[in-house]
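Encoded as structure tokens, the structure appears first; notes follow it.
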Amino acid sequence: MAVKGFICRHASTGSTSIPSLSSDAVRPISRVLSGSWLRRDRMLARVRTGILGGTFDPIHIAHLHAGETALHAARLDRVLFMPAGDPWQKTHDRQITPASARVEMTRLAIAATPGFEIDLREVEREGPTYTLDTLLSFPRDEELYLILGSDAAARLPTWHLWEEVVKRAVILVVPRPGHDFSLVTNVLPRAVLLDMAAMDISSTAIRQMAAAGRPFRYLVSPEVYRYVVDEGIYTQSRSGDMVMSAQDQEEGQ
């Protein structure tokens, strides 16, 4: 898929578009991207916030590419990178790296990019984390865009009160290599596919590489790489509480 241009396509028709939360109409992306319309639209529009969540264990370059593509394609004011606290669908999968380390890696990865921010509301919330609770914690007049991998988007009907999730946020879908987008449109006909490189990178593989002493330098930002190496993340920690897993199906990653 073409990377330049940062275009996104509406799932049900294939036409290039961005849905608006303010009405049932779909706003043509040609109007969003044109200078005169953009200036008028930005004067009148509410805050447009993208949300990219995940355990970020670790955050890697595919996360950053997805965030940047969404920022430009949907003309967002910001993209919030939201490390998960205790994600309910992952509680029994594996022991997740402590939040303090995942937060620090996220901070390091996004620090130099304008429009990228870290949001700690899920880390700071006690108990299992549900996406709907997070969405409802934002002001009602803030336009929300939930950024999901196509595999996670296809599983969205398994989420807690998922119909309310799609009412509150536009779903922006990140393509996955070999994943059929029709699996998403079957359950989310108004989902929007981001036109970007499909990158076959997983946090699971990076953890396994780090633990085995194999090279992974160019799969994460330089700052995250140095932190992982210096702190011994994904090798047995001094306290014994950082453990890698053989499986990772991160919601929103």
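The values are calculated or read from the model by the stated rules, or taken from the named source; none is laboratory data. Given the structure is predicted, the values throughout are model-derived calculations rather than measurements. Don't worry about glycine lacking a Cβ; one is built from the backbone with ideal geometry, like all the others, and counts go over all protein chains shown.
Assorted remarks:
- In the range 112-141, the residues that are of a type in the set (Gly, Ala, Ser) form Cβ pairs under 7 Å with partners that are assigned to a helix (DSSP H, G or I), at six or more places apart or across chains, as follows: 115/71; 137/121.
- Tabulated pairs, the range 213-230, first in contact (Cβ under 8 Å) with a residue 24 or more places away in the chain, second loosely packed, with under 10 Cβ neighbours inside 10 Å and outside any helix (DSSP H, G or I), C-beta under 6 angstrom, 6+ apart or interchain: none
- Residues that are part of a loop (DSSP other than H, G, I, E, B) and either among the basic types (Lys, Arg) or crowded, with 17+ Cβ neighbours inside 10 Å (or both) were ranked within the range 130-147; the one that is modelled with the lowest pLDDT is 130.
- Among the residues of the range 148-164, those identified as crowded, with 16+ Cβ neighbours inside 10 Å and either outside any helix (DSSP H, G or I) or under 15 Å from the mean Cα position of the chain (by Cα) (or both) are 148, 149, 150, 151, 152, 153, 154, 155, 156, 159.
- Residue list for the range 72-101, filter: at pLDDT below 90, not in a strand (DSSP E or B) and not hydroxyl-bearing (Ser, Thr, Tyr): 85, 88, 89, 90, 92, 93, 94, 95, 96
- Residues in the range 119-129 that are in contact with a strand residue (DSSP E or B) (Cβ under 6 Å, 6 or more places away or on another chain) and surrounded by fewer than 17 Cβ atoms within 10 Å (Cβ to Cβ): 128 alone.
- Looking at 203, 237, 245, 182, just one residue is buried (at least 16 other Cβ atoms within 10 Å of the Cβ), farther than 27 Å from residue 46 by Cα, modelled with pLDDT under 95 and not acidic (Asp, Glu), and that residue is 245.
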